[in-house]
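Undergrad: Shown below is the structure under consideration.
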Amino acid sequence: MWHIIAIGYLFVTVLFAAAQPSIARALIYLLFWSVMPCLFAFWAAKTRRRNKLMKMQEDKAEDGAD
């Protein structure tokens, strides 16, 4: 479900950047309002998934040791 929100967010920010009067301003808006927040969101999702998988493996190892 979160990917639908991400696509909508990217659509709006790219159109907003495209509406800027100069190329330099458009690239700055694109970088700071589109690329960086999406990279952070992907990093957070990846880290959360990695931590969840590690916790599941630890729980499975504890169950196997008992």
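Undergrad: Kindly establish whether Lys46 is in a helix (DSSP H, G or I), closer than 20 Å to His3 by Cβ and of a type in the set (Lys, Arg).
TA: Values: in a helix (DSSP H, G or I): yes; closer than 20 Å to His3 by Cβ: yes; of a type in the set (Lys, Arg): yes.
Criteria met by Lys46.
Undergrad: Contact list please: Cβ distance under 6 Å, first residue in segment 18-34 and outside any helix (DSSP H, G or I), second residue surrounded by 12 or more Cβ atoms within 10 Å (Cβ to Cβ), pairs at least six apart or on different chains.
TA: Gln20/Ala26; Gln20/Tyr29
Since every read-out is calculated from the coordinates, none of them should be taken as a lab result. Keep in mind that this is a model prediction, so the values were computed, not measured. Every residue, glycine as well, gets a Cβ built from its backbone with ideal geometry; the counts of neighbours run over all protein chains shown.
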